[in-house]
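Single-structure report; data block below.
The values are calculated or read from the model by the stated rules, or taken from the named source; none is laboratory data. What you see is a predicted model; the values in this text were computed from it and never measured. For neighbour counting, all protein chains shown are included, and Cβ atoms are generated from backbone atoms with ideal geometry for every residue, glycine included. Ligands, DNA and RNA are excluded from the accessible area calculation, which covers all protein heavy atoms including side chains. Shrake-Rupley method; radii C 1.70, N 1.55, O 1.52, S 1.80 Å.
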Amino acid sequence: GADLHSPFLYLRVKGEVENLVQAVGFDRCTILRPAVLLCKRQESRPTEWVAQQFLGLVSRVFPTAYSVPVETVARAMVATVLQPGEGKVEVLENGAIHELGKA
């Protein structure tokens, strides 16, 4: 949901960061946009914990819709480094992260 023009600060900042990363001028850059990360956290985030519990159940029916295990994101990151990119900047949404994370 990163969007440079979003009225929501969180999404706008994410969009600004993506633009800044692209402006650095790397030969190749992959931006991953995972949904809610399914993982155990050391710090206390009660609202996120509730969302993880709910989305963990939803993911059993719709595995790529609203969440992604951190292990899947890590495998997708490795896969993007090992395979040729499709362009200078590649943006991977949650579904693509799931696909790459299976490899």
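Tabulated data for the structure shown
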{"item": "Electrostatic dipole magnitude of the range 32-102 [Cβ: Lys, Arg +1; Asp, Glu -1; Cα centre; debye, to 20]", "result": "180 debye"}
{"item": "Computed accessible area, V61, all protein chains, 1.4 angstrom probe, square angstrom", "result": "100 Å²"}
{"item": "For L92, distant residues with modelled amide H under 5 Å away", "result": "I31, L32, R33"}
{"item": "Surface accessible to a 1.4 Å probe, per residue, for the residues of the chain, Å²", "result": "71 Å²"}
{"item": "Spin-label model distance (nm) - M77 vs N19, 7 Å beyond Cα toward Cβ", "result": "2.6 nm"}
{"item": "Reported label for calculated Kirkwood radius over Cα pairs in Å given (1) 14.0; (2) 18.6; (3) 14.9", "result": "(3)"}
{"item": "Estimated distance in nm for a label pair at V91 and Y10, the labels positioned 7 Å out from Cα along Cα-to-Cβ", "result": "1.9 nm"}
{"item": "Integer Hz, Karplus 6.51/-1.76/1.60 couplings in order for the range 3-15, x for Gly and Pro", "result": "8, 4, 10, 5, x, 8, 3, 4, 5, 5, 5, 4, x"}
{"item": "Exposed-site-free run, longest, the chain (rule: trypsin sites (Lys or Arg not before Pro); DSSP loop; at most 15 other C-beta within 10 Å)", "result": "42-87"}
{"item": "5 angstrom amide H check on Y66, placed H, neighbours 5+ away", "result": "none"}
{"item": "Computed [θ] at 222 nm, deg cm²/dmol, the chain (DSSP H ≥ 4; -39,500 (n - 2.57); rounded to nearest 500)", "result": "-16500 deg cm²/dmol"}
{"item": "The chain, accessible surface, carbon-and-sulfur percent (1.4 angstrom probe)", "result": "62 percent"}
{"item": "Sequence-separation-based contact order of the chain, relative, with Cα cut under 8 Å and 6+ spacing, percent", "result": "31 percent"}
{"item": "Rounded to whole Hz, the Karplus (6.51, -1.76, 1.60) HN-Hα couplings of the range 71-76, x for glycine and proline", "result": "4, 5, 4, 4, 5, 5"}
{"item": "Pairwise FRET efficiency - D3 versus V58, Cβ, R0 = 25 Å, nearest 0.05", "result": "0.55"}
